[in-house]
Amino acid sequence: MQASSPSAALSSRLAGTVAAWNQRYWRFLVIAMLALLHVAALRGTADGWARALLLAHLGLLLLWQPFLRTENRIGVAQTAFIALVAIGVMLWLSWWLLAFWVVVLAGLVGGRVYLHRAKWQRWYYLVVLGYLLALLAVVILPEIAPRREIAPEVLRATEYGLPLLFVVLALIPAEAESPHAPQVIDFFYSVFLMMLLGMVVLGSFTFMTLDRTSYLQALTDTVFLIAGAILAIGLAWDPRGGFSGLSVFFSRYLFSIGMPVEKWLHFLADLFQSEARPERFVAEGAAGLLQLPWVAGASWRAGDDSGEVGARSNYPVQHQSGKLSLTVYSHYRVGPALQWHLHLLGQLLGEFYAAKLREQELRQASYMQAVHETGARVTHDVKNLLQSLNVLCSAVAAEPERDPPQLQALIRRQLPLIAQRLNTTLARLERPETEAALQVPAREWWDALVRQYQGQGVEFACERVGEGEAVPRVLFDGVVGNLLQNAIAKRAGSGALRIRVTLSGGSAMELRVCDSGRAVPPDQEKLLLRTPVQSAAGLGIGLFQAARHAESNGYRLLLASNRDGEVCFALRRAA
């Protein structure tokens with residue numbers, strides 16, 4: 001890539017030099033700008049030199065202006081605007097245009113006064129503002145007043161007296177704060193000051209026309225009348241003596257917006273009491289936002305769930321609160337007060353959603369506590385059952401001629417496995433910390449599973465299982481037992497049903513149990529494996545327990561396929 005042209009480099013270096021000079025000597029730049037305006041105003045709008053001086057004044061204003069930095073490049077639209085202003089000054093300069101320009105300049109300077117914390121800098125701009133007001137009242141307004149009543153002595157004193165303020169500006173100590181910091185213009189105060197000066201000018205001319213008063217008296221009456229009105233508004237805004245003023249009503253309006261928010265809050269409180277599921281609570285709460293007159297629609301995302309109500313618009317307001325992401329679409333452009341309201345509503349919905357999540361976690365903890373308490377109670381019964389089964393196994397092994405060969409083979413095949421599982425369950429109930437260490441070879445566990453369900457109409461398939469691979473016996477026994485018992489019970493209720501169990505080895509160990517029955521209903525599919533569900537045959541916590549058990553052992557239990565004719569649960573090793 002070639003280097004930039006010499007002209008571009010020179011212009012960039014020149015812009016940097018001008019910017020550095022401006023930041024260092026901006027105080028003298030303002031003085032020069034005011035001096036050119038002073039001379040142009042005294043020479044009059046009909047003088048050709050006055051127009052030239054005003055063009056130079058505008059050039060210095062471009063270096064001082066707080067809206068764009070001096071090192072920035074201006075675009076075509078900005079260049080066209082500057083050219084139009086220059087042409088207007090040269091062709092249509094009048095006392096009215098000059099008065100309007102001084103009012104605008106006074107508004108810009110007044111808007112900077114309130115935002116500077118440096119004491120001497122505030123005094124500097126106050127002196128500049130005083131000079132502009134004096135120039136407007138003594139030199140410019142008498143030229144456009146209904147009657148010109150300014151004595152020549154006053155004009156001569158203004159001509160030589162006002163420049164003394166330039167000396168005062170030069171003597172004011174400079175401070176370290178840069179005048180070109182971003183956002184140094186208070187737009188509200190600037191517009192307010194410009195409107196106030198416009199009222200003073202037009203009010204003075206009105207008094208001179210209607211009451212036939214002198215210029216000085218009309219100007220004085222207007223200033224005092226406007227000052228009294230501002231004082232009355234200030235007292236009404238914040239009165240003394242413990243009475244509420246206009247500020248209270250204004251704040252109440254900003255915080256109420258007609259009070260449709262109260263209805264939504266009552267709706268949200270009632271919904272919190274009636275809806276137990278967090279995802280449904282968020283969906284209903286977002287739908288309730290449509291009751292607000294300025295809301296067109298809303299979209300939300302809470303954890304793995306998402307949804308959208310209403311219609312989208314070009315004015316979205318986004319809010320993030322913990323695990324809830326809410327976007328509210330308004331019918332029209334949202335102001336600061338209304339945007340604050342919508343953020344508050346989103347925060348309330350997020351807090352209620354977090355409370356629902358905590359409530360669900362407590363409910364699940366209560367289920368788990370009940371499960372553990374039940375396990376502790378059945379430990380004694382399991383121990384007695386194990387003793388009985390051991391006696392039965394010993395009797396069958398000692399006297400095999402008492403039973404038919406087929407029954408004897410079945411008992412010899414099943415009872416040792418049941419005894420082994422009961423031993424494992426008892427060990428897990430007595431010492432839960434030893435559960436993860438119960439690893440058995442995958443081939444051995446698979447052969448035992450095939451023998452256990454032989455003759456019950458279950459198809460088995462083993463794929464890519466190596467000799468050195470091992471599986472957690474407690475987890476695999478519990479999960480496959482739960483899934484196969486559910487499938488067998490499902491087949492008993494629906495007739496012919498194909499059940500298939502597949503074990504796949506490798507790095508992604510997977511156990512899959514499939515049946516050819518009907519799919520799980522959609523309303524239960526969302527809750528399955530995530531929370532206890534209602535069941536006609538029990539408490540409905542078997543699969544939920546199995547999923548939690550799998551997570552604690554580094555596996556995942558999920559509904560891999562859910563359609564009519566193919567319902568598959570898969571136990572996979574987590575990545």
³J(HN,Hα) computed for each position of region 459-469 - Karplus, 6.51 cos²θ - 1.76 cosθ + 1.60, integer Hz, glycine/proline x: 8, 10, 9, 10, 10, 6, 9, x, 6, x, 7
Give, in nm to one decimal, the length gained when the segment between residue 333 and residue 84 is fully stretched (0.36 nm per residue of separation minus the Cα-Cα distance). 86.4 nm
Calculate the FRET efficiency for residue 362 and residue 263 from the Cβ-Cβ distance with a Förster distance of 30 Å, rounded to the nearest 0.05. 0.50
Potential lengthening between residue 463 and residue 498 on full extension [0.36 nm per residue; Cα-Cα distance subtracted]: 10.7 nm
Phi-based couplings in Hz for region 41-49 (Karplus 6.51, -1.76, 1.60; Gly and Pro marked x): 5, 6, 6, x, 6, 7, 7, x, 5
Amide H contacts under 5 Å for residue 321, placed H, 5+ residues apart: 326
Expressed in nm to one decimal, what extension gain is obtained for the pair residue 76 and residue 340 from 0.36 nm per residue of sequence separation less their Cα-Cα distance? 91.3 nm
Any idea what the dipole of region 256-359 comes to, in debye rounded to 20, about its Cα centre with Lys/Arg Cβ at +1 and Asp/Glu Cβ at -1? 240 debye
Phi-based couplings in Hz for region 59-64 (Karplus 6.51, -1.76, 1.60; Gly and Pro marked x): x, 5, 5, 4, 6, 8
Rounded to the nearest 0.05, what FRET efficiency do residue 524 and residue 270 give with R0 = 30 Å and r taken as the Cβ-Cβ distance? Could you check? 0.70
Within 10 Å of each candidate Cβ there may be at most 11 other Cβ atoms; applying that plus a DSSP loop requirement, which trypsin sites (Lys or Arg not before Pro) in region 256-344 survive? 333
Rounded to one decimal in nm, the spacing of the 7 Å Cα→Cβ label points at residue 56 and residue 32 is 1.0 nm
Dimensions (Å) - region 256-359, Cα atoms, principal axes, largest first: 37, 27, 20
Tell me the Kirkwood hydrodynamic radius of region 455-573 in angstroms, computed as one over the mean inverse distance between distinct C-alpha pairs. 14.8 Å
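Bear in mind that the values in this text are calculations on the coordinates, not laboratory data. Just so we're clear, the structure is a prediction, and the values are computed from it rather than from any experiment. Methodologically, a virtual Cβ is constructed for each residue, glycine included, from the backbone with ideal geometry; neighbour enumeration extends over all protein chains shown.
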